[in-house]
Amino acid sequence: ASRSLALWTFVGATKLAIERGEDPAALRAQVTSKGGTTEAAVGVLEAAGVRQHFIDAVRAARDRSVEMGDALGKDG
């Protein structure tokens, strides 16, 4: 039940971000209670540099996909 709730929450948040065209961080800020649990969790993640780790991970995947595409293109 909790997994389903988390997944549907993600679906709803994604849909909202697409429909409004807003930055997901702005939407999160709109629903985060001052001094609440989400604010506490986000504070810990930010202090640990998680955002930069996600950025680095996505860049690594992008770079690898370019390398793989180049290799596949040369074989054809």
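Over all orientations, the chain has a Cα convex hull whose mean projected area works out to 7.9 square nanometres. Here the convex hull built on the C-alpha positions of the stretch 1-40 has a volume of 66 cubic angstrom per residue.
Return the carbon/sulfur percentage of the accessible area of the chain, one whole number, probe 1.4 Å, all protein chains in place. The value for the chain is 63 percent carbon and sulfur by accessible area. Remark: accessible surface ordering of Leu27, Leu45, Leu16 (largest first) is Leu45, Leu16, Leu27, probe radius 1.4 Å. Dipole magnitude for the chain: about 240 debye, using +1 per Lys or Arg Cβ and -1 per Asp or Glu Cβ, origin at the Cα centre.
The values are calculated or read from the model by the stated rules, or taken from the named source; none is laboratory data. The shown structure was predicted, so the numbers you read here are calculated from the model rather than taken from an experiment. Cβ atoms come from the backbone with ideal geometry, glycine included; neighbour counts cover every protein chain shown. These accessible areas exclude ligands, DNA and RNA; they are computed on the full protein's heavy atoms, side chains included. Shrake-Rupley method; radii C 1.70, N 1.55, O 1.52, S 1.80 Å.
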